[in-house]
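Quick notes on the structure that follows.
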Amino acid sequence: MKALEFLDRRGHWLALPVGAALALAFAPVGLAPLAVLCPAVLFLLWERATPRAAAWRGFLFTGGTFLAGTYWLYHSIHLVGRAPLWIAMFLMLGLVAIMGSYTAALGYAASRWGPARGAVRWLVLLPAGWVLVEWFRGWFLSGFPWLALGYSQLETPLRGLAPLAGVYGTSLGTALLAGALVTLLLGNRTARLAAVAVSGTVIAAAALLTRVEWTEPRGTSVSVALVQGAVPQAMKWAPGQRERTLDLYASLTAPHLGTDIIVWPEAALPALERDIRGFLDALHAAARARGSDVVMGLLRRDAATGEYYNAMAAFAATEQWYDKRRLVPFGEFFPVPAAVRDWMRLMNLPYSDFASGAEDQSPLVVAGESLAPTICYEDAYASEQLALVRRSTLLVNVTNDAWFGDSTAPHQHLDISRMRSLETGRPMLRATNDGVTALIAHDGTLIGQLPQFEPGVLTGTVEPRTGLTPYARTGNLPVLGLVFLAVAAGFAWPCRSRWAGSP
């Protein structure tokens, strides 16, 4: 085919812009069809490529996706964090290179050991390999589970796969459609019929699953107020800002005392918990007197160990704490030797080291409900939250996306939170420092949200839910088992004749 020859000749030039175009499939642009079209183009670019060329094209493709999709790392590290430009560029491009290397490995392996062409390559090996790469980069070396294909499908019928198989199951459905598109272009009649059957089954099954109610309302409603102070990150820790911030949150909260649950964002107050204990005790007493429970993000220091935690406090019938378990590399801890930390002190670079919380923490009991807490991008690690989710009736996420300014990051993060609600069948209370503060229904739809960069309070009611979705019961194990089997079968397929004794 002339088109395939053109793609093969121009493959290195096309991989980067096509990969960058994939970033437009995600929020805030949300061109969901690109999540099918762009991987399909990559599969075509791999079709006649040597293993080395396939690796290079895979690297450029995913490098383009993360350059366009996570450019905001430069903003947070350099413009807000005030790290030197070379540090910001090194960390951003280093992440892009690591993400690209995973897709490079898939391209090399598929071209070196996989079937040269055919339905097994297009409908089995490449879609399953894509999801295997997404899963691997989501945990290896601390992981960065951003921009998985499934997050682009929150407004399409494929969203129905999420309560069954999670975001990776949704990614698999999306990648199968990409493989089916390639099969329709290149396959023989039998392969094309298989592609029609696969794509039709995926879309129809997902659409039917959107009608299933996996969890049940408890029969009660809870009133909530989510407080957004919109304090710019550059001002937050400035001298003299503490009292203004305390007054701001107190004044925003006062009219809503009497609401069942009031939520403040991550590290809402620029102080350690011990340094504002009087303010917190007064707030707790005032809230309890009016029948409100308050949940907020706070920094705390453990008196026994001296370690610092990025935490969430619940001021309810009792005071409860949750310590963040999944910390942000180079943001909340530096995975470097102590000597390097000393050098960074001398260089006056911004850094901090928090301790990670215990794995076996309990839900926060607030207003008679059990809340499964996450802080900041912890909610991107879906399977790690399931032990808490199984004992909860609501989800709560407090975050500080002020680090990313007016970029795409807060919108991408909001869709990650929406996916967690959809996967688990639980409403989420999501409070952020400057957006996007939102109430999310159990099916991932938005009940309401506040505009960014404006102080305000989002009020509403949610229905706590009981019961478990299939994904909440099993996590990623079923879809990963299927993916591993499919990848193994795809690589084994070229060996079938030798195993059968054929020459």
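Condition check ((1) at pLDDT below 95; (2) assigned to a strand (DSSP E or B); (3) within 23 Å of TRP264 (Cα to Cα); (4) open to solvent by 40 Å² or more (accessible area, probe 1.4 Å)) across all residues:
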residue	(1), (2), (3), (4)
VAL340	yes, no, no, yes
TYR351	yes, no, no, yes
PHE354	yes, no, yes, yes
GLN361	no, no, yes, no
VAL365	no, yes, yes, yes
TYR377	yes, no, yes, no
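Given the structure, is VAL227 β-branched (Val, Ile, Thr), open to solvent by less than 60 Å² (accessible area, probe 1.4 Å), out of contact with any Lys or Arg (no Cβ under 7 Å at 6 or more places or on another chain) and part of a loop (DSSP other than H, G, I, E, B)?
no
Could we say that LEU177 is touching a Lys or Arg at 6+ places or on another chain (Cβ under 6 Å), touching a residue at least 12 places away in the same chain (Cβ under 8 Å) and within 18 Å of ALA35 (Cβ to Cβ) here?
It is false that LEU177 is touching a Lys or Arg at 6+ places or on another chain (Cβ under 6 Å), touching a residue at least 12 places away in the same chain (Cβ under 8 Å) and within 18 Å of ALA35 (Cβ to Cβ).
Pairs only if they're at least six apart or on different chains, beta carbon under 6 angstrom, first in the stretch 263-274 and without any contact (Cβ under 8 Å) to a residue 60 or more places away in the chain, second in a loop (DSSP other than H, G, I, E, B) and not polar (S, T, N, Q); list them, first residue then second.
PRO270/TRP237
Which members of the stretch 124-139 meet the condition of being part of a helix (DSSP H, G or I) and open to solvent by less than 20 Å² (accessible area, probe 1.4 Å)?
Taking the stretch 124-139 and keeping what is part of a helix (DSSP H, G or I), we get 124-137.
Result: LEU125, LEU126, PRO127, ALA128, GLY129, VAL131, GLU134, ARG137.
When you check ALA267 against the structure, is it at pLDDT below 95, over 16 Å from ALA431 (Cβ atoms) and under 30 Å from the mean Cα position of the chain (by Cα), yes or no? Don't jump to the end; show me each part of the working.
Values: at pLDDT below 95: yes; over 16 Å from ALA431 (Cβ atoms): no; under 30 Å from the mean Cα position of the chain (by Cα): yes.
Judged against the criteria, ALA267 is not a match.
Within the stretch 388-399, how many residues turn out to be outside any strand (DSSP E or B) and open to solvent by less than 10 Å² (accessible area, probe 1.4 Å)? Spell out the reasoning first.
So the first thing to find is which residues in the stretch 388-399 are outside any strand (DSSP E or B), and the list is 388-393.
Still in the running and open to solvent by less than 10 Å² (accessible area, probe 1.4 Å): 388-389, 392.
Of the residues in the stretch 388-399, 3 are outside any strand (DSSP E or B) and open to solvent by less than 10 Å² (accessible area, probe 1.4 Å).
For residues that are open to solvent by 30 Å² or more (accessible area, probe 1.4 Å) and either outside any helix (DSSP H, G or I) or in contact with a Lys or Arg (Cβ under 7 Å, 6 or more places away or on another chain) (or both), tally how many sit in the stretch 83-101.
Number satisfying all stated conditions: 1.
In the stretch 464-483, how many residues are closer than 21 Å to PRO265 by Cα and surrounded by fewer than 19 Cβ atoms within 10 Å (Cβ to Cβ)?
The qualifying residues number 0.
The values are calculated or read from the model by the stated rules, or taken from the named source; none is laboratory data. Everything numeric in this text was worked out from a predicted model, so none of it was measured. Backbone-built Cβ (ideal geometry, glycine too); neighbour counts: all protein chains shown. Note: areas computed on protein heavy atoms with side chains; ligands, DNA, RNA excluded. Shrake-Rupley method; radii C 1.70, N 1.55, O 1.52, S 1.80 Å.
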